[in-house]
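The values are calculated or read from the model by the stated rules, or taken from the named source; none is laboratory data. As the structure is a prediction and not an experimental result, all values here were calculated from the model. Methodologically, a virtual Cβ is constructed for each residue, glycine included, from the backbone with ideal geometry; neighbour enumeration extends over all protein chains shown. Protein only, heavy atoms only, side chains kept; ligands, DNA and RNA dropped before computing areas. Shrake-Rupley method; radii C 1.70, N 1.55, O 1.52, S 1.80 Å.
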Amino acid sequence: MLSQLDQIQSEGLAALATIHDEAALENFRVAVLGKKGSLTSIAAGMRNVPPDQKAVVGAKLNEVRTALTQGIEQIQLALQVAKDAESVKGLDITLPGRPSPSGALHPLTRIRDKAIQTLRRLGFALADGPEIETEWHCFDALNTPADHPARNEKDTFYLPDGRLLRTHTSSVQVRTMETVKSLPVRIIAPGAAYRRDEIDATHLSVFNQLEGLYVDKNVSLADLKGTLEYFFQEMFGEKTQVRFRPHFFPFTEPSFEIDVKLEVKGQADKWIEIAGCGMVDPAVFTAISQSRGDQVFDPNEVTGFAFGLGLDRLAMILHGITDIRHLIENDVRFLAQF
Ligand code: DAH
């Protein structure tokens, strides 16, 4: 039996040396180590080996099985290595990798998000309204007379049914006051506005504003100043100076334009007009009260402040962008700078 085992080992290893594919290797494994394989049948003969020889024959059997198993594994490994080499043939691993550029938020989105975050911390909730508006929501309720230039067909996109593309986000003030149940109202409304402007470096026919409104009993001009000074210092830095310049808007009285003193990229500090604001005109509360048919916005009881700012302009100032059209052209050479 020992010599038989030796023979199986030497013949087996010799056969293995000639095997070059997986199918042949599997056939060989079955023929030797399988259920009916040569080594398996011999092992069955262990029963008949005299007891004093069992240890020697058993050890030999194990030795042969180990040798052949290792032989099979070696060939298997060699075949796998050859297969791997084949599959990467022609692949130059010294070539530089392909870049996978990462995106970033649009400068306008970033400005808007920062403004929203800052104002939400002050208790302002997000509100919105339709971009296609009625004349009443966009103008009449905001105390804007019929002959006001903003209502001119030359300046405003009118639809055939008399509605229009809102010329400012101030219409959201009206939408909100029409629908809230009770005071206080403390909202901000970022969104698009439309004007029939000649398109140039500082004008687009669609632009972005952010509206704010705070109405309650005893809201004062001091609240307006404190809120907006804080807001602009959060946006532009603690040392930013903020100035309120008397102005006129139909829907606020008194009204102001807000200038901030800023370092514009590459220029000396200068005052830049950045927003409009004021105390809500009682005529607006009167219009709202008539529309609601209740006294929640009784002009003798409530006061409020409102403000509106141009987000495109803000982004342009902060980043030193000289042409507003860059903001909508999606030129990656521009966008990649942010
Ligand atoms: N709606 C004005 C505009 O588009 C901006 C504005 C001014 C909004 C004063 C306000 C405000 O809420 O109080 O030019």
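Hey, any idea what the orientation-averaged projected area of the convex hull of the range 2-87's Cα atoms comes to, in nm²?
5.6 nm²
For a quick check: with amide H placed at 1.01 Å from N, whose amide H comes under 5 Å from Phe249's, ignoring anything fewer than 5 positions away on the same chain?
When sequence neighbours closer than 5 places are left aside, the close amide H contacts are Ser255.
Using a Förster distance of 22 angstrom, determine the FRET efficiency expected from the C-beta separation of Ala146 and Ser205, and round it to 0.05.
0.40
Return the distance in nm (one decimal) between the two label points of a simple spin-label model at Asn27 and Arg196, each offset 7 Å from Cα along Cα→Cβ.
About 8.8 nm, to one decimal.
Report the calculated FRET efficiency for Thr40 and Arg98 (r = Cβ-Cβ distance, R0 = 45 Å), to the nearest 0.05.
Approximately 0.25, to the nearest 0.05.
Between Ala222 and Met1, with labels modelled 7 Å along Cα→Cβ, what's the label distance in nm to one decimal, could you check?
10.9 nm
Ile328 label point, 7 Å along Cα→Cβ, cut-off 14 Å on backbone N: hits in the range 294-320?
Output list for this probe position: 311-313.
With θ set to phi - 60° and the Karplus curve 6.51 cos²θ - 1.76 cosθ + 1.60, what are the ³J(HN,Hα) couplings of the range 147-159 in order, to the nearest whole Hz, using x for Gly and Pro?
9, 5, x, 4, 8, 4, 5, 6, 9, 10, 7, 9, 8
Express the accessible area of the range 193-338 per residue in Å², computed with a 1.4 Å probe while the remaining protein chains stay in the model.
On a per-residue basis, the range 193-338 sits at 50 Å².
Give the angle, between 0 and 90 degrees and rounded to the nearest 10, that separates the Cα long axis of helix 282-292 from the longest principal axis of the Cα atoms of the chain.
Helix 282-292 sits at roughly 70 degrees to that axis.
Of all DSSP beta bridges located in the chain, what percent are antiparallel, nearest 5?
About 95 percent, rounded to the nearest 5.
How are the C-alpha pair distances of the chain spread across 10 Å bins, as whole percents from the shortest bin up?
Result, from short to long distances: 5, 18, 20, 12, 5, 3, 4, 7, 9, 10, 5, 1, 0 percent.
At what distance in nm do the modelled label points of Lys261 and Gln80 sit from each other, each positioned 7 Å from its Cα along Cα→Cβ?
Placing both labels 7 Å along Cα→Cβ, they lie 7.4 nm apart.
For the range 11-17, take each phi angle, set θ = phi - 60°, evaluate the Karplus expression 6.51 cos²θ - 1.76 cosθ + 1.60, and give the result in whole Hz per residue in order, putting x for glycine and proline.
Coupling constants for the range 11-17: 5, x, 5, 5, 5, 4, 4 Hz.
I'd like the carbon and sulfur percentage of the solvent accessible area for the range 2-87, probe radius 1.4 Å, heavy atoms only, ligands and nucleic acids excluded.
In the range 2-87, the share of accessible area belonging to carbon and sulfur is 57 percent.
Ranked from highest to lowest mean number of other Cβ atoms within 10 Å per residue, what is the order of the peptides 197-204, 235-242?
235-242, 197-204
When the accessible area of the range 192-338 is computed with all protein chains present and a 1.4 Å probe, what percentage of it is carbon and sulfur?
47 percent
Multiplying the sequence separation of Asp155 and Glu253 by 0.36 nm and subtracting their Cα-Cα distance, what value in nm do you get?
In short, 32.9 nm is gained.
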